Amino acid sequence: MLFALPLFLLYEALAASLASPGTAGVRNAADVVLKAPFMLFSGQRGSLAFFATVIAVCIFLIARDLTKTRERPQPRVFLLMLGESAVLALFLGLVVATLTQRLLGALALATQTAPTPLEAMGTGTRLMLALGAGLYEELLFRVLLVGGMAAGLKWLLGARTWMAGVIAATVGALVFSAFHYVGDYGDPLELASFTYRAIAGLAFSGLYLARGFGITAWTHALYDVYVMVL
């Protein structure tokens, strides 16, 4: 949680600094979904209420764990985690692209000819969206959707843990991919890009199970920074 917290603060700081008549409505879609209940009950103060709630929960859980373990975070470990995330982000696109091409063949090589709304945005806005994707999409799709669905399947159907996990990860990957084509800033729906994102969703689910939320969020964010900004 400590490792992922800078992503949250950087994203919110960028979103606040970029708020203007031209960019006030530009947000990561998963961010909008997660904040919707707060906006419903708190109106214009919903975003502030969400921010305060996240910080309060983080402080409580971190303080609880520090008290229980009597250990202290090691800066070296955070640096190693950041390095691991950066390396994983570099390899992720290559692995997912190779799998997509193996599945679809020549269709995977098709490229979009029309410019997307993202390409017209400034560097700061694209950076903000990349960081938000790593944080909020992993929180929404991996932690809440995949984790919740797997727990629900196990409870309702008595399914084995691995089977519930496979079903939840597959459904979550499809929903995660479809999510990128919704809204004013969604991409044009194409088989190659949908397949690529679905495979990426499975990869992120596997990474989440193996390495936890923090590294998965940073890997996703840095991958999007490579693609969207650099």
Those residues of the range 183-220 which are touching a Ser or Thr at 6+ places or on another chain (Cβ under 6 Å), β-branched (Val, Ile, Thr) and over 16 Å from Gln101 (Cβ atoms), in sequence order: Ile215, Thr219
Neighbours by Cβ (under 9 Å, 6+ apart or cross-chain): first from the range 218-230, crowded, with 23+ Cβ neighbours inside 10 Å; second not in a helix (DSSP H, G or I): Trp218/Phe3; Trp218/Ala4
Residue check for Ala49: touching a Phe, Trp or Tyr at 6+ places or on another chain (Cβ under 6 Å) and either of a type in the set (D, E, K, R) or in a helix (DSSP H, G or I) (or both): yes
Residues that are without any contact (Cβ under 8 Å) to a residue 40 or more places away in the chain and assigned to a helix (DSSP H, G or I), drawn from the range 170-192: Thr170, Val171, Gly172, Ala173, Leu174, Val175, Phe176, Ser177, Ala178
Members of the range 103-124 found to be in contact with a helix residue (DSSP H, G or I) (Cβ under 8 Å, 6 or more places away or on another chain) and modelled with pLDDT of 85 or more, listed by number: Leu103, Leu104, Gly124
Search result, residues across the range 147-162 that are farther than 30 Å from Ala13 by Cβ and either surrounded by fewer than 16 Cβ atoms within 10 Å (Cβ to Cβ) or basic (Lys, Arg) (or both): Ala151, Gly152, Lys154, Trp155, Leu156, Leu157, Gly158, Arg160, Thr161, Trp162
Failed item, numbered, when Gly172 is tested on (1) touching an Asp or Glu at 6+ places or on another chain (Cβ under 9 Å); (2) crowded, with 18+ Cβ neighbours inside 10 Å: (1)
From Leu191, Leu144, residue being farther than 16 Å from Ala130 by Cα, surrounded by fewer than 16 Cβ atoms within 10 Å (Cβ to Cβ), at pLDDT 90 or above and not small (Gly, Ala, Ser): Leu144
Selection count, the range 42-66, where residues are at pLDDT below 90 and surrounded by fewer than 11 Cβ atoms within 10 Å (Cβ to Cβ): 2
When residues of the range 204-217 are limited to those that are buried (at least 19 other Cβ atoms within 10 Å of the Cβ) and either in a loop (DSSP other than H, G, I, E, B) or small (Gly, Ala, Ser) (or both), the one nearest to the chain's Cα centre (by Cα): Ala217
Unmet criterion (only one of (1) buried (at least 16 other Cβ atoms within 10 Å of the Cβ); (2) on the phi > 0 side of the Ramachandran plot) for Arg70: (1)
Among (1) aliphatic (A, V, I, L, M); (2) loosely packed, with under 14 Cβ neighbours inside 10 Å; (3) free of Cβ contacts under 8 Å to residues at least 12 places away in the same chain - the single one Met39 does not satisfy: (2)
Residue within the range 144-152 that is without any contact (Cβ under 8 Å) to a residue 60 or more places away in the chain and either of a type in the set (Val, Ile, Thr) or under 17 Å from Val96 (Cα atoms) (or both) present: no
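The values are calculated or read from the model by the stated rules, or taken from the named source; none is laboratory data. Not measured: the values here are computed from a predicted model. Backbone-built Cβ (ideal geometry, glycine too); neighbour counts: all protein chains shown.
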